[in-house]
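S.K.: Please find one structure pasted underneath; my questions will follow.
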Amino acid sequence: MFSTRRDSRTWLVGLPCRSADSRIVWLYYVVGEASDSAEAVCAAVRRANSASERDARGQLPVELDRTEVRRMRQHILGDFALEAC
């Protein structure tokens with residue numbers, strides 16, 4: 001799943017959601033099927049908007065204005081790095 005190559009296709013996407021008491025809660029999704037960061041965000045939003053995810057957070061919507069995207073890399077020695085996109 002993780003790669004040491006420069007063209008890693010695994011992404012960590014954070015989507016903010018406001019809780020019932022107006023606190024911001026970040027939902028993070030690991031996306032492995034995207035070729036770029038925009039596609040990774042779309043995949044994460046589809047997951048976040050699935051019926052089971054919306055039910056779990058009481059139908060509260062995600063807020064797309066502050067999306068966070070990082071490319072995930074595993075170095076040859078085994079440690080992981082998150083690179084800004």
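The values are calculated or read from the model by the stated rules, or taken from the named source; none is laboratory data. Bear in mind that the values here come from a model prediction, so they are computed numbers and not experimental data. Every residue, glycine among them, receives a Cβ derived from its backbone with ideal geometry; neighbour counts consider all protein chains shown.
S.K.: How about the stretch 9-26: which of its residues are closer than 26 Å to Glu83 by Cβ and not in a loop (DSSP other than H, G, I, E, B)?
M.R.: Trp11, Leu12, Val13, Gly14, Leu15, Pro16, Cys17, Ile24, Val25, Trp26
S.K.: Looking only at residues that are hydroxyl-bearing (Ser, Thr, Tyr) and over 8 Å from the mean Cα position of the chain (by Cα) in the stretch 26-44, which one is nearest to Arg54 (Cα to Cα)?
M.R.: Ser37
S.K.: So, of the residues in the stretch 27-85 that are in a helix (DSSP H, G or I) and in contact with a helix residue (DSSP H, G or I) (Cβ under 9 Å, 6 or more places away or on another chain), which turns out to be surrounded by the fewest Cβ atoms within 10 Å (Cβ to Cβ)?
M.R.: Here the residue is Leu64.
S.K.: Residue under question is Ala34, and the condition is that it be among the small types (Gly, Ala, Ser) and modelled with pLDDT of 95 or more; does it hold?
M.R.: So Ala34 fails the test.
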